[in-house]
Amino acid sequence: MKKSLLAQDAALIAPLYAKADVDFVKGKGVRLFDSKGKEYLDFASGISVNALGHCHPAVTKAIKKQCEKFLHISNLYPNAPQIELAQKMLSLTKFGKEKGKAFFCNSGTEANEAAIKLVRKYFFSKGKNNKVEIITFANSFHGRTYGALSATGQEKLKTGFGEMLRGFKQVEWNNAEELKKAVGKNTAAIMLEPIVAEGGILMPSKKFIKTINELKKQSGCLVIADEIQAGFGRCGKISCSELFGINADITTWAKALGGGLPLGMALINAKIAECLKPGDHGTTFGGNPVACAAGLAVLEIISKPKFLANIKERSAQLKAGLKALAKKHKFLGEIRGEGLLLGIETQKPVADLVAACRKQGLLILRAGTNVLRFLPPLIITKGDVKEALEKLAAALR
Ligand SMILES: Cc1ncc(COP(=O)(O)O)c(C=O)c1O
């Protein structure tokens, strides 16, 4: 008998993920289908990647069109899809007005590596070699490479990997007083997720954001906002940090940015861009033209005001439904998040609830240790949310 896909995976793929026993063969819109034809409502979006769901015709068309031109030319020559995506992202964020620039890479962790290197390079170019420290926050997640992992505020992810990069300090989330004490003459940047996503959907308080912006002014440090999970429309605006009034000098992007293909980006303000020269940083594949064309197709759709308005409406609908379920089930707790990055606390084992939802044909995720996380495609309709809530209710029962 042929082994299941999960058994084949276990035999051949490094055991780095706790994978579920499903064999998806096709995706369409907000749904995935397994080999037996079972349908799943995908409220995970490949972890915040598939903003337009699966196989959106605009994305498929853009990919096909670019594939017929060229797949890769390297960063030794300008490529039009990169320029168009940069222009659109700059125009949709404050970086356009600030005459900022884009750096393209392949993933979220690489975007954060770039951000870390570029703030240090900026101060180096100003003769301030002491300014190398980066303040980040407990429970944050910035990626798996050494720089981004050093920035990450979760000890369990660092255990066993030896010494982390020097110059990183983690402060309690939303603790303005602790942050004030941590920022000093050697601080190069404060780096934060506008919403701590993987770490449990933790929202920033208004006071906390005000403190970050004030510290930036007072100390001259820079601010890096990691938009990788929360940005790109998911919160109802292209930039989540701008939605919350965080005055960032660098924003980092990935996940949905490539329309389902690997793509990362850092938007940097003019003063940082001015201190860079060829050779300071780089990547072979970064800003791949096919990924940029796919990302641009997504951005053209999600940046429309009507599209963004639907995100807010579906968010309110999903929040209201979760609230009703929390009233019924005492093991459910606080509901947190913005737009279509939502979570609800639970006292029952999260993995069991995620599995129970999957059985009902609903894909959701975990965040932190005790939060169910919902990251549906941004194209969801009123009917999709209603269906998801029904499936969730059945799973909870
Ligand atoms: C906020 C945030 N930053 C960085 C990353 C790392 O991105 P990647 O997995 O593309 O390296 C993630 C991934 O989950 C993330 O959620």
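Among the listed pairs LYS38/LYS382; LYS327/LYS391; LYS210/LYS306; LYS38/LYS386; LYS306/LYS391, those with a Cα-Cα distance over 24 Å are LYS210/LYS306; LYS306/LYS391.
Using a ≥ b ≥ c from the Cα gyration tensor of the range 1-157 (square roots of the eigenvalues), is it rounded, prolate or oblate, where a/c under 1.5 gives rounded and otherwise the larger of a/b and b/c decides, a/b for prolate? Oblate. Under a Gaussian network description of the chain, with springs only between Cα atoms under 10 Å, the residue in GLY245, GLY160, GLY337 that fluctuates furthest is GLY160.
Here the range 239-376 was treated as a single set of alpha-carbon atoms; its pair distances binned every 10 Å from 0 give 10, 28, 31, 21, 8, 2 percent. Take every DSSP beta bridge whose two residues both sit in the chain; close to 65 percent of them are antiparallel. Note on the chain: with a GNM built from Cα contacts shorter than 10 Å, the maximum mean-square fluctuation among PRO349, PRO15, PRO57 falls on PRO15. Just so you know, the Rg over Rh for the range 25-102 is 1.10, from Cα atoms, with Rh as the Kirkwood radius.
Entry for the chain at q = 0.09, 0.11, 0.14 Å⁻¹: log10 I(q)/I(0) = -0.54, -0.81, -1.31, Debye formula applied to identical alpha-carbon scatterers, no solvent contribution. Report summary: the helix-based calculation at 222 nm, which adds -39500 (n - 2.57) for every DSSP H run with n ≥ 4 and divides by the residues of the chain, gives -12000 deg cm²/dmol. An oblate overall shape is assigned to the range 181-301, the ratio a/c of its alpha-carbon gyration tensor axes (a ≥ b ≥ c) being 1.5 or greater and a/b not exceeding b/c. At a Cβ-Cβ separation cutoff of 4.7 angstrom, cysteine residues of the chain with no neighbouring cysteine are CYS55, CYS67, CYS105, CYS221, CYS275, CYS292, CYS357.
Seen against the Cα atoms of the chain and their longest principal axis, helix 108-125 is set at about 10 degrees.
What shape does the range 98-235 take by its C-alpha gyration tensor, where a ≥ b ≥ c are the square roots of the eigenvalues and a/c under 1.5 counts as rounded, a/b above b/c as prolate, and the rest as oblate? Rounded, because the longest to shortest axis ratio a/c is under 1.5. Considering only protein heavy atoms and a 1.4 Å probe, what is the carbon-and-sulfur percentage of the accessible area of the chain? Looking at the chain in its full context, I get 57 percent from C and S. Exposure check, 1.4 Å probe, all protein chains in place: GLU177 carries approximately 90 Å² of accessible surface. How many angstrom lie between the Cα centre of the range 21-100 and the Cα centre of the range 152-198? What the calculation gives is 31 Å, centre to centre. Over the chain, accessible surface divided per residue gives 47 Å², non-protein components excluded, 1.4 Å probe. When the chain is treated as a GNM with alpha-carbon contacts under 10 Å, the residue of GLY167, GLY343, GLY264 showing the greatest mean-square fluctuation is GLY167. Our summary gives the chain a relative contact order of 22 percent, counting only alpha carbon pairs under 8 angstrom and 6 or more residues apart.
Along the chain, the exposed loop sites are chymotrypsin sites (Phe, Trp or Tyr not before Pro) outside DSSP states H, G, I, E and B with at most 14 other Cβ atoms within 10 Å, and the longest stretch free of them is 162-330.
Pairs of Lys residues in the range 118-160 are counted when their Cα atoms are under 28 angstrom apart and they lie 8 or more places apart or on different chains; the count is 4. Considering only the other residues whose Cβ falls under 9 Å of the Cβ of GLU345, what net charge follows from Lys and Arg at +1 and Asp and Glu at -1? For residues surrounding GLU345, the net value is 0.
The values are calculated or read from the model by the stated rules, or taken from the named source; none is laboratory data. For clarity, every value in this text was computed on a predicted model and none was experimentally measured. Here Cβ is always computed from backbone atoms with ideal geometry, including for glycine, and neighbour counts include all displayed protein chains. Protein only, heavy atoms only, side chains kept; ligands, DNA and RNA dropped before computing areas. Shrake-Rupley method; radii C 1.70, N 1.55, O 1.52, S 1.80 Å.
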